[in-house]
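First the structure, in the form of structure tokens, and then the observations on it.
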Amino acid sequence: MPEADFIEVSGHQVRIRRHPRAKRLTLRIGAQGPVLTLPRRAAMAKARDFLHDHAAWLEEKLHAVPPRIPVMVGRTIPFAGQSLHIVAANDRKTGVQDGRLLVPASDPAKATKKFLMDQARQDLTAATIEYASRIDKNFGKITLRDTRSRWGSCTSRGDLNYSWRLIMAPSEVLDYVAAHEVAHLAQMNHSPKYWAIVAKICPDYHVYRNWLRANGAELHRYDFGS
């Protein structure tokens, strides 16, 4: 019998995910709902017992999560510090015009997401190049993800990962995250030396960091479908 992809707990569907490096069971509320991560060889019976024991915690956390905002024609979305009203266009092209985002009527959510991701790649690449040049460092590839736990990361090889949802934040906030990750090219830690680099290339970084802490969760409410 194939292993279940989901386990239902108190009316909630919890997605089951196995990870080869997981050492224990971990339950988190992801962008698409609750996810239980299991070690590779953990038994499903253990997973069910774990969820049963944490049912009250899961109910409390899900109750505290703000409702998702489906992206559709007529909806307004944040974009680089402004608001764009999603409007169905007669052709297949997507573009901005007078505070409106014109998208194909056939799949507005998909077109909106592609527009945001394209703009995010363009802006994050430009910001990364600018900040890397200021500290005379090279970087590897840039990858866009839809991570909920962090806005960016830097690998030991110098590859940079960013959340494409940063394009929905003010431009200065997106730039700060680029500066934050670029600084790791010089210091792979969060030591005083590291923060000195961040302050040098992005002097008001604490303002933008605080903005993300206060408003970042709102950006994850927008639901673009599958």
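Where a number appears in this text, it was derived from the coordinates with a stated rule and is not lab data. All values reported here derive from a predicted model rather than from experimental measurement. Heads up, the Cβs are rebuilt from the backbone with ideal geometry, glycines too, and the neighbour counts pull from every protein chain shown.
For segment 19-108, what is the percent of antiparallel DSSP beta bridges, rounded to the nearest 5? List each step's numbers first, then the result.
Values: 12 of 18 bridges.
Around 65 percent of the beta bridges assigned by DSSP in segment 19-108 are antiparallel ones.
Amide H to amide H, which residues 5 or more places from Leu101 or on other chains are under 5 Å from it, using H placed in the peptide plane?
Hits under the 5 Å cutoff: His85, Ile86, Val87.
Taking neighbour counts of Cβ atoms within 10 Å as a proxy for exposure, in what order, fewest first, do Met44, Met117 appear?
Values: Met44 12, Met117 16.
Ordered by Cβ neighbours within 10 Å, fewest first: Met44, Met117.
Which entry in (1) 18.9; (2) 17.4; (3) 19.8 is this structure's computed Kirkwood radius over Cα pairs in Å?
Label of the calculated value: (3).
Can you order the peptides 152-165, 200-213, 13-26 by their average number of other Cβ atoms within 10 Å per residue, highest first? Mind dumping the intermediate values first?
Values: 152-165: 18.1, 200-213: 15.3, 13-26: 12.9.
Ranking the peptides 152-165, 200-213, 13-26 by packing returns 152-165, 200-213, 13-26.
Please report, in debye to the nearest 20, how large the charge dipole of the chain is about its Cα centre when each Lys and Arg carries +1 at its beta carbon and each Asp and Glu carries -1 there. Walk me through the intermediate numbers first.
Values: 34 positive and 22 negative charges, 160 e Å.
With Lys and Arg at +1 and Asp and Glu at -1, about 760 debye.
If you count the DSSP beta bridges with both ends in the chain, what percent of them are antiparallel, to the nearest 5? Can you show the working numbers first?
Details: 19 of 35 bridges.
In the chain, approximately 55 percent of DSSP beta bridges are antiparallel ones.
Cα-based count: Lys pairs in segment 78-226 below 21 Å, eight or more positions apart or different chains?
Values: Lys93/Lys110; Lys93/Lys113; Lys93/Lys114; Lys114/Lys141; Lys137/Lys193; Lys137/Lys200.
Step by step, the pairs that qualify in segment 78-226 add up to 6.
Quick query: amide H of Tyr222 versus all other amide H atoms, modeled in the peptide plane; which residues come in under 5 Å with a sequence gap of 5 or more or a different chain?
Distant-sequence amide H within range of Tyr222: Ile69.
Each residue of segment 143-154 in order: what ³J(HN,Hα) in whole Hz does its phi give by Karplus 6.51 cos²θ - 1.76 cosθ + 1.60, θ = phi - 60°, with x for Gly and Pro?
Working through the residues one at a time gives 10, 9, 10, 10, 7, 9, 7, 8, 8, x, 7, 10 Hz.
Only helical DSSP H runs with n ≥ 4 go in: add -39500 (n - 2.57) per run for the chain, normalise by residue count and round the 222 nm mean residue ellipticity to 500 deg cm²/dmol.
Numbers: 6 runs with 85 residues, N = 226.
Calculated at 222 nm, the ellipticity per residue is -12000 deg cm²/dmol.
Before anything else, pin down the relative contact order of segment 97-226: Cα pairs under 8 Å, at least 6 apart, normalised by residue count, whole percent.
On the way: 138 pairs, mean separation 31.8, N = 130.
Across segment 97-226, relative contact order equals 24 percent.
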